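Trainee: Have a look at this one before I ask anything.
Quick note: the coordinates plus some simple rules give every number you see, no bench work behind them. Treat the numbers as computed from the prediction; the structure is a model and nothing was measured. Cβ sites come from the backbone with ideal geometry, for glycine too, and all protein chains shown count toward neighbours.
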């Protein structure tokens, strides 16, 4: 992986704000998870909760740290550019999907294999099955995002045609569908209806990225300002007004939330974030033409999936080490001393994450090249198996309540990964080539 070469090879016409948006979105997710963790020892017992449970005012902070919509917007921009470029070169849709899947899945394979080995080792050591299940389930939770984003990628050949035919109306239709789903869910009391919003909400955010990438000219500052104001009014009115919760992330124990399943309130936040990005885009692009800032962004991009996958594992390791040594968790959460120690907390977690990035970050650039055109039906099976397998791992966990490995889910994910070639190659691929939008 040669960061310097990647920086120097960046085309002049690249929209570097897209890369910045991706880097910032994942970084804020990581920081949000770390800062939200409230860990302390009470009467000798380790307590682990979330500051969103302890202080209601912190729910407003989720409007800042809930930036997954930004990743979907940036993904829409990148996927439109990439797909059309592939089409112009005569690349078949199945081959394009396989390339995209391999880039995302390659760092996931060592992550899942490592956690599977840890689960088997803890079983052999006779550790409480409930603890094993709790720890492994928390570790794979970030994969929910991957399952949804892989589905979005698999649908690009269709959603791009929808965009080309309907344009803005595809965004209006997706937003309307999300509102209708929320209304039906509230009217019937059937929460399962809301799960369809994983499609309507996140696909609509992705369509906004298409809009960004496909525009003939940049919107005027006035248009961006008006759009941001309207989106902000809708967001405030729909949440403060009581229709939706204020928090943009799930709060443990809460009866209502905006993320599980997603609600139309997230689309209001998505619109606010979209216009915010567009407002700072000219300044950001000029700033990122400087070597220093652009090198930072490229460096984050180089290990972005590894950072996202392993940051909760780093958190768990720090907690276990501190609890075992009797160091670091004697301060009550939300006290003045607790807040003053948050910078040190972030430094410790960053230090714990660094070796994980060093060990596993290399796999992010061992993407297997697509040498021959993949068979469409085998690709379809592999894509479906991977998405379904990962989704069920997130919902049900690697182990069941008795601590036994769910081998059927492991086999499903493994089969899908093999069919799409998403396992690491022996030799690293070119970072410069694989990092292009």
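Trainee: Under 8 Å for C-alpha pairs, at least 6 residues apart: give me the relative contact order for segment 3-434, rounded to a whole percent. Before the final figure, lay out each step's value.
Mentor: Working: 525 pairs, mean separation 128.4, N = 432.
Across segment 3-434, relative contact order equals 30 percent.
Trainee: With Cα extents along the principal axes in Å as the read-out, I listed (i) 83, 67, 43; (ii) 70, 49, 43; (iii) 63, 54, 50; which label goes with the value calculated from this structure?
Mentor: Of the labelled values, this structure produces (iii).
Trainee: Stretched out fully, how many nm does the piece from residue 243 to residue 161 gain, at 0.36 nm a residue minus the Cα gap?
Mentor: The residue 243-residue 161 span can extend by a further 26.1 nm.
Trainee: In a Gaussian network model over the chain where Cα atoms closer than 10 Å are linked, find which of 109, 418, 24 has the largest mean-square fluctuation.
Mentor: Highest fluctuation among the options: 418.
Trainee: Still on this structure, I have one more. For residue 332 and residue 291 in one chain, what is 0.36 nm times their gap in residues minus the Cα-Cα distance, to one decimal in nm?
Mentor: 10.5 nm
Trainee: Here's another thing I want to ask about it. Between residue 351 and residue 396, what is the label-to-label distance in nm when each label sits 7 Å out along the Cα-to-Cβ direction?
Mentor: Inter-label distance under the simple model: 4.1 nm.
Trainee: Just to verify a number: FRET efficiency for residue 342 and residue 54, C-beta to C-beta distance, R0 = 22 Å, to 0.05?
Mentor: E between residue 342 and residue 54, to the nearest 0.05, is 0.95.
Trainee: Residue 404 to residue 378: extension gain in nm, 0.36 nm per residue of separation minus the Cα-Cα distance? Please report the intermediate quantities before stating the final value.
Mentor: Details: separation 26, 0.36 × 26 = 9.36 nm, distance 3.04 nm.
The residue 404-residue 378 span can extend by a further 6.3 nm.
Trainee: Under the rule of -39500 (n - 2.57) per DSSP H run of 4 or more residues, summed and divided by the residues of the chain, what mean residue ellipticity at 222 nm is obtained, to the nearest 500 deg cm²/dmol?
Mentor: On the way: 21 runs with 301 residues, N = 437.
Calculated at 222 nm, the ellipticity per residue is -22500 deg cm²/dmol.
Trainee: Which of 342, 102, 217 moves the most in a Gaussian network model of the chain with Cα springs under 10 Å?
Mentor: Judging by the Gaussian network model, the answer is 217.
Trainee: Tell me the relative contact order for segment 1-96 as a rounded percent, counting alpha carbon contacts under 8 Å between residues six or more apart.
Mentor: For segment 1-96, the relative contact order is 28 percent.
Trainee: Treat each spin label as a single point 7 Å out from the Cα along the C-beta direction, and report the residue 321 to residue 5 distance in nm.
Mentor: 3.3 nm
Trainee: So for the pair residue 226, residue 184, with labels modelled 7 Å out along Cα→Cβ, what separation do we get in nm?
Mentor: With each label point 7 Å from Cα toward Cβ, the separation is 3.4 nm.
Trainee: Would you look at the GNM of the chain, springs on alpha carbons closer than 10 Å, and say which of 262, 221, 369 moves the most?
Mentor: Fluctuation is largest for 221.
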